[in-house]
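Structure record follows, encoded as C-alpha cells.
Since every read-out is calculated from the coordinates, none of them should be taken as a lab result. Just so it is clear, the structure is predicted and the values come from calculations on it, not from any experiment. Virtual Cβ from ideal backbone geometry, glycine too; neighbours counted across all protein chains shown.
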C-alpha cells in the first residue's frame, strides 16, 4: 500500500481526507474540553466573560461547592451503580438465555416464539397505556424496580444472542445432553463460557444505557432518594430550584451561587466514569457493532 | 391423539420453555398488555376509574388531536427531522468511513475514530448541558464570539428557525461516529483481492472507491436506510426533549409526536388525546414498516427485513 513515489490521486485524497476527519473529530472533542475547562473556571469569570474553550482563571471553587454537600450526589451515584449492575446482570442473562432457546434447532416452537418477540418491534401500544399500566396496575411509581425492570428484555439483544449462538456447533449441546446434562446446565456451563464476546458486548451496551438513563427516572420517580445521576443532573440543569434545595441545605446565600460553573462541574462528575472507562471498553463496542453487522 | 403429542412435546421441552418464561412474561406485561390499552384512545380516561371503567368517547380524542392542527405540525416535524437526520448522517458516515479506510497513518486513524465515537457514550442530558453552554444568552460561547467580533448577541432560545439546524447538527454530532464504525466494519470485510486487482489494472484511489468500496457498501446502506425509514414516524425523544425542553416558543419548529404525547400525558393531563396521538403514531409506524418491507421484497428480496 505505501509505495514511495506517491501518486497524485493519493495526495489529493489525503489533502481532502485528513482535514475533513480532523475537523469533525475536533468538533466532537471541543464540547468536552469546554465543559471541563468551564468547570475549573471561577464563577465571576464566567458571569463576566462567559464560557470559553480554554480555561482561564483556574479555580476549584465549583467542585468544592458541588461536593460540599455530597449526600445527594453520592446517593444518586449509589442508585445509578446499583441499577446498572442489577439491570445489566439480569438483562444480559435473560436475553442471552432467550436467544439460546430460540436458536435451538430441536425446539419445536422456536418460530412462534421468535415471532412473538419480533412483533413487538413492529407494533406497540404507545407510551400512554404503558405508563398507565406501570403506574396504576403495577404500582411502579417511586419504586426502585421502575428504574430497571421495564427495560430488562431487549428484543434486539435477544436477536443478537440468537445470531451469535447459531455459530456455536449444535453438537456441543447434543453431546452434553447425551451425557445427561439438562438444558439449563448446558446453557450455564457450556454456552455462557463460549459466548463471552457476545456477553461482553451486550453487557456493555446494556450497562451504558442504564448508566445514561434518565427517562425511567423522569417517568416514575418523584422521591429524591431514588434519583439517578443523569436525572439529578437534568433537574439541576432544568431548574434552579433544584440548586436552591442543595444550597439551602448547605445554608448558602442564593444570589452568590456559582450556578454556572457548578452545572459544569456536576456534568464532569456525572460523565467522568464513562470518559475514564472509555479507552478500555471502546474496542468491545466496536467488536459488538461488527458482531451485529455480520449477523445482518 | 394430537393433544397427547402436544402434552408430550411440552414435557419434553419443559426446561427450554421454562428458560423462555422470564422474557415471555416480561414482553407480555410490558409490550402486549399495553397493546390492549389502546382502547384508551377511545375513552375519556379517569385515573380513579381505570382503563376499563372510563367512559367511551368514540373518536373525540382523535378529532381533537387532528382539528387542533397539532397532528399536522408534529407529523410534519417528525418526518422531516428524521429524513434530514438520515440524509445528513448517512452521507457523513459513508464519507468518513471511506476516508478512514484509505488513510494509512495508523495512529491518526485510531485516535480520530476514538474521538468521533466518544459522543455516542454520553446521554442527551449531557448534550443539553453542552448546548446550553454554547447558546446561553448571557454566558454562552456563541454570544461571546459574536460580541468579540463586534456583533449583536442573539437569543437562540427564542429563535425557532435556528433549531432546525441545531438539532440536525447535534444529532450528527452524537451519532455519526457510531455509524462510521458500522460502515468501516463493512468496508474492512470487503475482499482485499478486489483492491489488489484494481491496483494492477491501474485504477486510482477515486476509481477504487467509486467502483469497489461504494458498491460493496450498498447492501449495508440499504438495510440501515430501510430500518430508518421504517421508523420515520418515531422521533428521538431524548434529543428533542433534552435540547428543547418545555420552551413553548420553539414548539412550532421542534415539536415531534413523541414530545407531544409526553407533554399531553405528563403535563397537561390530556391522557385520552395523548393515547390517541400515540396510537396514531404506532399505526403509522406499522404501516410504513409493512410497505417498506413489501416494496423491498418485490425489488430485491435479499434486503427484506422479514
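Things worth noting here:
- Each part gets one Cα centre, and for segment B:279-300 versus segment A:77-93 those centres are 35 Å apart.
- Here is how the number arises for the protein assembly as shown: DSSP H runs of 4 or more residues each give -39500 (n - 2.57), the sum is divided by the residue count, and the result at 222 nm is -22000 deg cm²/dmol.
- For the residues B:187, B:295, B:257, a GNM of chain B with alpha-carbon springs under 10 Å puts the largest fluctuation on B:295.
- Diffusion coefficient, µm² s⁻¹, Stokes-Einstein with Kirkwood Rh over alpha-carbon pairs of segment A:4-92 at 10 °C and 1.306 mPa s: 91 µm²/s
- GNM result for chain B, Cα springs below 10 Å: residue of B:273, B:116, B:35 fluctuating most strongly: B:35
- Put simply, the convex hull of the Cα atoms in segment B:1-42 casts, on average, a shadow of 4.2 nm².
- Segment B:53-117-segment A:100-161 distance, computed between alpha-carbon centres (Å): 24 Å
- Residue A:115-residue B:87 pseudo-label distance in nm [points 7 Å out on the Cα-to-Cβ vector]: 3.9 nm
- Potential extension, residue B:201-residue B:149 segment - 0.36 nm per residue separation minus Cα distance: 13.4 nm
- Against the empirical 2.2 N^0.38 Å (N residues), segment B:89-219 has a Cα radius of gyration ratio of 1.41.
- Here the translational diffusion coefficient of the protein assembly as shown follows from Stokes-Einstein with Rh set to the Kirkwood radius across Cα pairs; for 10 °C and 1.306 mPa s it amounts to 59 µm²/s.
- Taking label points 7 Å from Cα along the Cα-to-Cβ direction, residue B:80 and residue B:47 give a separation of 3.6 nm.
- Each of residue A:278 and residue B:218 was given a label point 7 Å from its Cα along the Cα-to-Cβ line. The distance between the two points is 3.7 nm.
- Cβ crowding within 10 Å, taken as a proxy for footprinting-reagent exposure, orders A:85, B:141 from fewest neighbours to most as A:85, B:141.
- Note on A:171, B:93, B:199: ascending count of other Cβ atoms within 10 Å places them as A:171, B:199, B:93, the fewest first.
- Using a Förster distance of 41 Å, the FRET efficiency for residue B:165-residue A:168 (Cβ separation, nearest 0.05): 0.30
- Sorted by Cβ density within 10 Å, fewest first, the residues A:152, B:80, B:33: B:80, B:33, A:152
- Over segment A:146-227 - Rg/Rh using Cα atoms and the Kirkwood inverse-distance radius: 1.15
- Cα-based helix-to-principal-axis angle, A:110-122 vs chain A, degrees rounded to 10: 30 degrees
- Sequence-separation-based contact order of chain A, relative, with Cα cut under 8 Å and 6+ spacing, percent: 28 percent
- Relative contact order of chain B, defined on C-alpha pairs under 8 angstrom at six or more residues apart (%): 25 percent
- Hypothetical label at residue B:228: residues of segment B:70-99 whose amide nitrogen lies under 12 Å (7 Å Cα-Cβ projection): B:81-95
- 22 Å tail of the calculated P(r), segment B:60-303, as % of Cα pairs: 64 percent
- Rg/Rh (Cα only; Kirkwood hydrodynamic radius) as it applies to segment B:47-154: 1.19
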